[in-house]
Amino acid sequence: MSKHIIITGTSRGIGFELVQLFAKAGHKVLALSRNENPIKTLNLDGVTSFSFDLNDANAYKKVEDFITNEWQHVDILLNNAGALLNKPFAETHISDFEHVYKTNVYGVAELTRIVLPFMTTGSHVITISSMGGVQGSMKFPGLAAYSSSKAAVITLTELLAEEYKATGIAFNVLALGAVQTEMLEEAFPGYEAPTTALEMASYIFEFSLTGQKYYNGKLLQVSNSTP
């Protein structure tokens, strides 16, 4: 049965692969990214793509209008977009934290708030976090803003699951280990991750469709490295 799926951060990496996986499976997708061209040029059936900036307060109305006029309901929201900053803490100013948190925390919260009225029992909100945001995991210098923002959405997910538990809507968060994406290459030039964007997207694809049956308010650590 075809589902209505919203995915952020779709111009490259995991989000780009996810749109294609859902489209090939016959689902309807709203692909949101600041750069809409990579998805538009694929010309996929059932996929709508328009430019969307999580930092633009006015952009959310566009999403709300699209759902109202075209779909009326949403089955899956995948908060995948993220901003990654690798900078020594002594050089990380409040503006850097604001930039990272606006995308990774505030944007996730606001888009979720906008989409929730269109969701019902069985719907699933998945937020992509990072192993760096998990307490007790290995930490890396230079990621104070990024990893702390990813910790914030883990707790946010737990809170939303509690607040909306009577609705039957599930909220889960996936803390990913290193994945070979353009974003990773920009932050850590030359580093080679053990997992490709398509491999991780394939896992997220399956989890998005079935995870709400088994999990709610849960953090799943999707990483094959230790700790």
query: What is the distance, in nm, between label points placed 7 Å from the Cα along the Cα-to-Cβ direction at Thr155 and at Glu64?
result: 2.8 nm
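Mind jotting down a quarter of the surface of the convex hull over the alpha carbons of the range 1-104, in square nanometres, one decimal?
7.1 nm²
Just round it to a whole percent: the fraction of Cα-Cα distances in the chain exceeding 23 Å. Let's see the in-between values first.
Details: 11290 of 25651 pairs.
Cα-Cα pairs in the chain separated by more than 23 Å: 44 percent.
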- request: With no solvent and one equal point scatterer per Cα, compute the Debye intensity ratio I(q)/I(0) for the range 162-227 at 0.12, 0.13 Å⁻¹ and report its log10, rounded to two decimals.
  value: -0.40, -0.46
message: Just to confirm a number: summing +1 for Lys and Arg and -1 for Asp and Glu over residues other than Thr68 whose beta-carbon lies under 13 angstrom from that of Thr68, what do you get?
response: -1
Under 10 Å, Cβ to Cβ, from Phe50 - net charge with Lys/Arg +1 and Asp/Glu -1: +1
- prompt: When N counts the residues of the range 98-223, how does its alpha-carbon radius of gyration compare numerically with 2.2 N^0.38 Å, as a ratio?
  reply: 1.07
query: Looking at this model, which pairs from Lys61/Lys139; Lys102/Lys165; Lys24/Lys87 are more than 28 angstrom apart at the alpha-carbon?
result: Lys61/Lys139; Lys24/Lys87
message: Let me see the P(r) profile for the range 63-127: every Cα-Cα distance counted, bins of 10 Å, each bin given as a percent of all pairs.
response: 19, 41, 23, 13, 4
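None of the figures in this text is laboratory data; all of them are computed from the coordinates on show. Values in this document were obtained by computation on a predicted structure and should not be read as measured data. As a convention, Cβ positions derive from the backbone with ideal geometry for all residues, glycine included, and neighbour counts pool all protein chains shown.
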